[in-house]
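This report refers to the structure that appears directly beneath it.
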Amino acid sequence: PIIKDLFGLTELEIRLARVLRLKKAVVVQGDSDQSDWVKKEMGRAGVRLLKQTARPGQVVAVAGGTTVAAVAEMMKASPALRESIFIPARGGLGEEVELEANYITSLMAQKAGGRYRLMHVPEQLSHEAYDTLIREPHIQEVLELVRSARIVVHGIGDATTMATRRKSSPELLRLLQEKGAVGEAFGYYFNRKGEIVYRGRSLGLSLEDLENVEMTIAVAGGAGKAEAIAAVCPVSGRDTLITDEAAARAILKQH
Ligand code: G3H
C-alpha cells in the first residue's frame with residue numbers, strides 16, 4: 001500500500017471506481033501494452049483477490065484471453081480454492097487453443113489445486129447444431145454449473161482487435177464497425193454506451209446470468225483498451241476491475 005500511494009495509484013483506484021461505477025478497482029503500475037510484466041502483475045492482483053474472497057464449494061467461471069491466462073499462470077493453491085470448481089464461462093470463441101476458456105480454466109484449476117469441468121463446444125454454431133447440443137445431458141449439466149457460478153473472471157477486449165484475432169468474416173467486421181462496437185467481453189460486443197450490438201451463437205454464461213453472480217472480476221489493461229473498458233465495465237454495475245495505470249489514466253482523461 002505504501003508503494004501504491006507513492007505512485008498515486010490508490011487515488012486512481014478511487015476515481016476509477018467512481019467513474020466506471022465499479023465495486024472496486026485495482027490499479028497496477030505501468031502499461032501492459034508496453035511490457036509483459038505488467039500483465040503478469042495484473043494476474044498476480046487477480047490471484048490475490050481470488051484467494052481473499054474464495055469460499056469452499058464455490059464455482060468459478062473463467063473466460064479466455066491473454067490477461068485471464070496471466071491470472072491462471074500466477075495462480076497458487078489455497079484451502080478454499082482447493083475446494084472450488086473451475087468452469088469455462090463460454091464454449092469456443094474461435095481463438096487459439098491457449099487463449100480459449102477451456103484451456104485457461106484447466107490451467108487455473110490445476111494451479112489452484114481445485115477441480116474443473118470443461119465445455120467442449122465449438123464456436124459459431126449453426127442453429128441446428130446449437131439446438132441439438134443444448135439438449136445434450138452433459139452440456140446441460142455443465143451449463144447449469146456455469147449458471148451457479150459465484151465468481152466470474154473475464155477479460156475485456158477492444159472490439160476490432162478481438163474480432164480480427166478470432167478471424168471473423170469481413171461481413172461481421174463491417175457490421176461491428178457500423179454498429180459502433182468498441183468493447184468485447186465473453187463473446188458479446190458493446191458500443192460506447194454499453195449496449196450489446198452483437199453476440200455470437202456460442203454456449204455458456206449469458207449476460208442475464210451475471211445477475212446471479214456474486215462477484216465479477218474483469219482483468220484488462222493497456223492504454224489501447226481504455227475505450228473498451230469504459231464501455232463494458234458499467235454494464236454489470238458491480239464489477240471489480242483489475243487494470244493498469246495506463247488504462248486508468250486514459251479512461252479518466254476521457255471522463
Ligand atoms: O474478451 C476479451 C478478450 O478475451 C481479452 O483478451 O486479454 O488477450 O486482451 P486479451
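Farthest towards the positive end of the charge dipole of the stretch 84-192, among the residues A149, F186, S126, is the Cα of A149, using unit charges on the Cβ of Lys, Arg, Asp and Glu.
Label zone (E178, point 7 Å along Cα-to-C-beta; backbone nitrogen cut-off 20 Å) within the stretch 119-160: 159-160.
Phi-derived couplings, Karplus 6.51 cos²θ - 1.76 cosθ + 1.60 at θ = phi - 60°, listed residue by residue for the stretch 219-231: 10, 7, x, x, 4, x, 9, 3, 5, 4, 5, 5, 7 Hz, with x used for Gly and Pro. Between amide H atoms placed 1.01 Å from N, distances below 5 Å from V28 occur with T243, D244, E245, all of them 5 or more places distant or on a separate chain.
Annotation: lysines with alpha-carbon distance below 24 angstrom to K111 (same-chain offsets under eight excluded): K39, K40, K51, K76.
Residues whose amide H falls under 5 Å from that of V197, counting only those 5 or more places apart or on a different chain, are Y189, F190, N191, with hydrogens built in the peptide plane.
The charge dipole of the stretch 184-227, taken about the Cα centre with unit charges on the Cβ atoms of Lys, Arg (+1) and Asp, Glu (-1), comes to about 260 debye, rounded to the nearest 20. From most to least packed by mean Cβ count within 10 Å, the peptides 137-144, 222-229 give 222-229, 137-144.
Based on C-alpha pairs under 8 angstrom that are at least 6 apart in sequence, the stretch 1-87 has a relative contact order of 25 percent. Residues whose amide H comes within less than 5 Å of that of Y116, counting only those at least five positions distant or on another chain, are F86 (H built at 1.01 Å from N in the peptide plane). Backbone phi angles across the stretch 8-18, fed through the Karplus curve with coefficients 6.51, -1.76 and 1.60 (θ = phi - 60°), yield HN-Hα couplings of x, 6, 4, 5, 4, 4, 5, 5, 5, 4, 5 Hz in residue order; Gly and Pro are listed as x. When peptides 208-216, 19-27, 146-154 are ranked by their average number of other Cβ atoms within 10 Å per residue, the highest-first order is 146-154, 19-27, 208-216.
Can you give me the C-alpha center-to-center distance between the stretch 46-65 and the stretch 103-124, rounded to a whole angstrom? The stretch 46-65 and the stretch 103-124 have Cα centres spaced 13 Å from each other.
Relative contact order of the stretch 158-206, taken over Cα pairs closer than 8 Å and 6 or more residues apart, is 28 percent.
Expressed as a whole percent, the accessible area of the stretch 1-117 that falls on carbon and sulfur atoms is 53 (1.4 Å probe). The stretch between L145 and R238 holds 31.3 nm of extra length on full extension. This uses 0.36 nm per residue minus the Cα-Cα distance. Around the Cα centre of the chain, unit charges on the Cβ atoms of Lys, Arg, Asp and Glu (plus for the first two, minus for the last two) sum to a dipole of about 660 debye. The HN-Hα couplings worked out from phi for the stretch 200-214 by the Karplus form 6.51 cos²θ - 1.76 cosθ + 1.60 (θ = phi - 60°) are x, 8, 10, 8, x, 4, 9, 4, 5, 4, 4, 4, 8, 8, 6 Hz, whole numbers, x standing for Gly and Pro.
A simple spin-label model places pseudo-atoms 7 Å from Cα toward Cβ; at K40 and I134 they are separated by 4.3 nm.
Modelled this way, with points 7 Å down the Cα-to-C-beta line, the labels at E171 and E98 are 3.3 nm from one another. Per residue, the chain reaches -13000 deg cm²/dmol at 222 nm when only DSSP H runs of four or more residues are counted, each adding -39500 (n - 2.57).
Net length available on complete extension from Q52 to K4 is 15.4 nm, with 0.36 nm assigned per residue and the Cα-Cα distance removed. Residues in the chain average 47 Å² of solvent-accessible surface per residue, probe 1.4 Å, ligands and nucleic acids excluded. Per-residue extension of 0.36 nm, minus the Cα-Cα distance of Q254 and I14, leaves a gain of 84.8 nm for this segment.
The values are calculated or read from the model by the stated rules, or taken from the named source; none is laboratory data. Worth saying up front: this structure is predicted, and the values here are computed from it rather than measured. Every residue, glycine among them, receives a Cβ derived from its backbone with ideal geometry; neighbour counts consider all protein chains shown. Keep in mind that these areas ignore ligands, DNA and RNA; they rest on the heavy atoms of the full protein, side chains included. Shrake-Rupley method; radii C 1.70, N 1.55, O 1.52, S 1.80 Å.
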